[in-house]
Amino acid sequence: LLALARSIATESRNAFLAKVSGYALTVCRAESAGFSLLEIDEQGAEIFRWTATRGRMQQFEGGTTPASFSPCGHCLERDSPQLFQYPERFYSYLAPIAPISELLLIPMHDEHAWVGTIWVICHEKRRRFDREDARIMSELGSLASAVFQGQGVAGPRKPGPAPALAIR
């Protein structure tokens, strides 16, 4: 973890995020890991873009999901770690990456604005995520948020209850 922290100063943002998601993949014994970063699309809608994806999700790098109807949006609304089982049952657009036995999401912000989420996926029922995975992922999310300090991805928003978010 210390080696990751040191690489903040020497790596590009994308290279650093790739290292973090690779570390998450290994430490949490997940089948996929990555980030969903909050952006504004050409029509002005908030979306999440899959970034620094590893494992089975690597082929979906750059894909997007709507912020207003997604597991990541739910995670930011709650401002807490969220564990989903088979989210493709509720979010049909996730069918191409199914099965998703478990999805652990951690919210990320830079103290003033939402950044997105860091996540790990277990596609098959090979293991279940636990509190230790949530703790590790929370630390990795805090570390990764450091590269976004003062760069509010989708505009200034302080973490808080759902009404403070523009996610609908």
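Given the condition surrounded by fewer than 16 Cβ atoms within 10 Å (Cβ to Cβ), more than 15 Å from the chain's Cα centre (by Cα) and either farther than 20 Å from residue 129 by Cα or of a type in the set (A, V, I, L, M) (or both), answer yes or no: does some residue in region 75-85 qualify?
Among the residues of region 75-85, not one is surrounded by fewer than 16 Cβ atoms within 10 Å (Cβ to Cβ), more than 15 Å from the chain's Cα centre (by Cα) and either farther than 20 Å from residue 129 by Cα or of a type in the set (A, V, I, L, M) (or both), which makes the answer no.
In the list 55, 63, 34, 22, which residue meets the criterion of being farther than 13 Å from residue 119 by Cα, in contact with a strand residue (DSSP E or B) (Cβ under 6 Å, 6 or more places away or on another chain) and touching a residue at least 12 places away in the same chain (Cβ under 8 Å)?
Just one listed residue meets the conditions, 63.
Given (1) of a type outside the set (A, V, I, L, M); (2) surrounded by 16 or more Cβ atoms within 10 Å (Cβ to Cβ); (3) over 24 Å from residue 3 (Cβ atoms); (4) out of contact with any Asp or Glu (no Cβ under 6 Å at 6 or more places or on another chain), identify the lone condition not met by residue 130.
Among (1) of a type outside the set (A, V, I, L, M); (2) surrounded by 16 or more Cβ atoms within 10 Å (Cβ to Cβ); (3) over 24 Å from residue 3 (Cβ atoms); (4) out of contact with any Asp or Glu (no Cβ under 6 Å at 6 or more places or on another chain), residue 130 violates only (2).
Given the options 24, 30, name the one that is assigned to a loop (DSSP other than H, G, I, E, B) and within 22 Å of residue 128 (Cα to Cα).
30
Is it true that some residue in region 63-83 is under 16 Å from residue 108 (Cα atoms), of a type in the set (Ser, Thr, Tyr) and part of a strand (DSSP E or B)?
No, the conditions are met nowhere in region 63-83.
Identify, by number, the condition in (1) open to solvent by 10 Å² or more (accessible area, probe 1.4 Å); (2) assigned to a helix (DSSP H, G or I); (3) under 19 Å from residue 125 (Cβ atoms); (4) in contact with an Asp or Glu (Cβ under 9 Å, 6 or more places away or on another chain) that residue 88 doesn't meet.
Residue 88 satisfies all of (1) open to solvent by 10 Å² or more (accessible area, probe 1.4 Å); (2) assigned to a helix (DSSP H, G or I); (3) under 19 Å from residue 125 (Cβ atoms); (4) in contact with an Asp or Glu (Cβ under 9 Å, 6 or more places away or on another chain) except (4).
All but one of (1) basic (Lys, Arg); (2) assigned to a loop (DSSP other than H, G, I, E, B); (3) within 12 Å of the chain's Cα centre (by Cα) hold for residue 49, so report the exception by its number.
Just one mismatch for residue 49, condition (2).
The values are calculated or read from the model by the stated rules, or taken from the named source; none is laboratory data. These numbers were taken from a predicted model, which means no experiment stands behind them. Virtual Cβ from ideal backbone geometry, glycine too; neighbours counted across all protein chains shown. The accessibility values were calculated without ligands, DNA or RNA, using every heavy atom of the protein model including side chains. Shrake-Rupley method; radii C 1.70, N 1.55, O 1.52, S 1.80 Å.
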